[in-house]
Amino acid sequence: MKDVNAVPTTLPRLGLARPSFAAVAESELDAVHRYLLFLTGNRSLAEDLTGDTFEKAFRAWRRFDPRRGTARAWLCGIARRVALDHFRAEERRARREDRYARELDRVVEPAWGEGSLASALQQLAPAEREVVALRVLLELDGPTAARLLGISRTACSTRLSRALKRLEEMMSDARV
Amino acid sequence: MPASETVDFEREFEELVRELRALPSDTPASVRERVRELGEPQARRVFPRLTWRRAVLVLVPACLIAVVAAAAVHGLLSSSASKQTATSTNQAESGAGAVKSQPNPPATRATPLQGVTRKTPTFDQALTPSAIPSPSPGRYQNYQADLRVRVKDLDTLGDKTAQAMQITQQLGGFVASLSQSSTAGQPGEADLVLRIPVARVTDAMVQLSGLGTVLSQNVSIVDLQRVVQQQRQQIRALQLQIARITAALQQPGLSADERLRLQFLLDDTRRNLANATGRNKATLREAALSRIAFSLTTQKPIAPAKKHHSSFFGRAVSSALHFLGGAGAVAVAALIIVSPLLVLAVLIWLGVRAFRRREAQRLLGTT
């Protein structure tokens, strides 16, 4: 969908085209949501965090510099920080509350429905799902993904390879 | 994205990748609406981003240029100021109580005896009458001066000492004391205390300074006018008292005791008058004769100052270099003070970053 307000602005002096926030949000919303879905493994949580991510991005939009990376990578960085903040808050809350009560209240909506792939994905660690989302679904290149994850390119590549292998093994086990 | 990387895992896990990309993950309409409602942020003025590279390329040269410009300005201003100082005379204000003069800079070149001119003196020239604080005519003043002059060698020392004595006598004064030492291998010294009529003291200073290179000169003038007046008033009062006592003694009908008491009082007053008169004479003598402590030496200057440039440009360059040296010293000191703090800040930043990364890995590995 095209937004009428999505008028590209120009970076001063350098003449680089700077997209409007609305246009970026429209084009990258699915990618960010998909990334958060893989990172959290929880559909409703991913939806909440997606909204939070774009609100943060809205406030920080003037700091976005297209010369330093794509809008997708920038948004994924924000989404990652939002998710980590959420995990930290959840961890603190879990420490405070009674563990049994928390387990009773916890109703996790399946992220990918039924099937061997969905169940295999649920068994992967969030870090593994994250690298799969960034490299396979969002198609970020190795250096960008590694920078976003705060690890080396080799570690990123190894983590991706291991995650995909594990997925394949789990799926083949399920089929057998 | 490098094609080889993508191709690798897409080829190796072709079916899995296809299945992953086919997973339902569309964003719900509610989230999409929430994001659309955000709209467009208000455009703000974008300032140029200050990166390290930009800071190094722009700020460092700018700071260097500013420091050099400041040094140049400082050099020009200080050289102008030093020239003004050099051309100003150190003539003291006469008739205003104690007067002190500035000591001359070392190694001031003296002019020959007959070569004294009335030009405005500079430090490169010998003492001239205008450069020496002169006593006020018509006032009683205690004039004391110290003058130290360097001569070439021991032979010259003897000649110049004799000349100094001759000058003193020519000007109507006398040598109060003289001591001369000339041991082989040691610098020769001659110390004279000269008493010269105050009216001729300026001439004496000029002529004495012409005997060699003036190393130092100090002049002290203390006004004695008030002291003399007080002494004279005291003398008049005592004379008056004596006249009254004498008149009282001549009155008839005085008792023996009273006469004796008046006689004692008269004797005391006469003694006081004699003392006051003596003090007055001493003060007048003091005011009539100046005291000049004149030293002649063969000692070489220890370290002649190299930075005494004669030209305006030379002084400006020297002052600017001095300023730059000071600025450099300040910068090094600041660096020494700040560098531990910088190292600490970097270590803290690295520690926090490592902690956050480890925490993120833990959260994503276990959540």
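Any read-out appearing in this document is the output of simple, stated calculations on the displayed coordinates, not a laboratory observation. As the structure is a computational prediction, the values presented were derived from the model and not from experiment. In this analysis, Cβ positions are derived from the backbone assuming ideal geometry, glycine residues included, and neighbour counts consider all displayed protein chains.
Net length available on complete extension from B:Ala22 to B:Phe312 is 95.9 nm, with 0.36 nm assigned per residue and the Cα-Cα distance removed. The distance between label points at A:Arg63 and B:Val346 comes to 2.4 nm (points 7 Å beyond Cα on the Cα→Cβ vector).
Inter-chain neighbour count for B:12-21: the average number of beta-carbon atoms from partner chains within 10 Å of each residue's beta-carbon is 5.
When only Cα pairs under 8 Å and 6 or more residues apart are kept, what is the percent relative contact order across region B:225-361?
Values: 34 pairs, mean separation 29.8, N = 137.
Answer for region B:225-361 is 22 percent.
Every Cα-Cα pair in region B:223-281 was counted, and those over 20 Å apart are 34% of them.
Relative to the present Cα-Cα distance, how much length would full extension add between B:Ser179 and B:Leu64 at 0.36 nm per residue of separation? Working shown, then result.
Details: separation 115, 0.36 × 115 = 41.40 nm, distance 5.90 nm.
Here the segment from B:Ser179 to B:Leu64 would lengthen by 35.5 nm.
First measure r as the distance between the Cβ atoms of B:Leu265 and B:Arg226, then evaluate 1/(1 + (r/R0)^6) with R0 = 35 Å and state the FRET efficiency to the nearest 0.05. Working from the Cβ atoms, E equals 0.75.
Just to verify a number: FRET efficiency for B:Leu77 and A:Thr158, C-beta to C-beta distance, R0 = 56 Å, to 0.05? Spell out each step's value before the answer.
Working: r = 67 Å, r/R0 = 1.20.
For B:Leu77 and A:Thr158, the calculated efficiency is 0.25.
Put a dot 7 Å past the Cα of B:Leu240, heading toward its Cβ, do the same for A:Glu169, and the two dots end up 13.0 nm apart. Dipole size of region A:113-176 about its Cα centre, with +1 on Lys/Arg Cβ and -1 on Asp/Glu Cβ: approximately 240 debye, rounded to the nearest 20.
Which order do B:Met205, A:Met171 fall in if you start with the one that has the fewest other Cβ atoms within 10 Å? Walk me through the numbers before you get to the answer.
On the way: B:Met205 27, A:Met171 19.
Final ranking by Cβ density, sparse to dense: A:Met171, B:Met205.
Can you work out the FRET efficiency for the pair B:Leu335 and B:Arg53, with r the C-beta to C-beta distance and R0 = 22 Å, to the nearest 0.05? Once the sixth-power term is evaluated, E becomes 0.60.
Label-to-label distance for B:Asp8 and B:Ala293 is 9.3 nm, based on points extended 7 Å past Cα in the beta-carbon direction. Applying the Karplus relation 6.51 cos²θ - 1.76 cosθ + 1.60 with θ = phi - 60° to region B:63-73 yields 3J(HN,Hα) values of 5, 4, 4, 4, 5, 5, 4, 4, 5, 5, 4 Hz, where x marks Gly and Pro.
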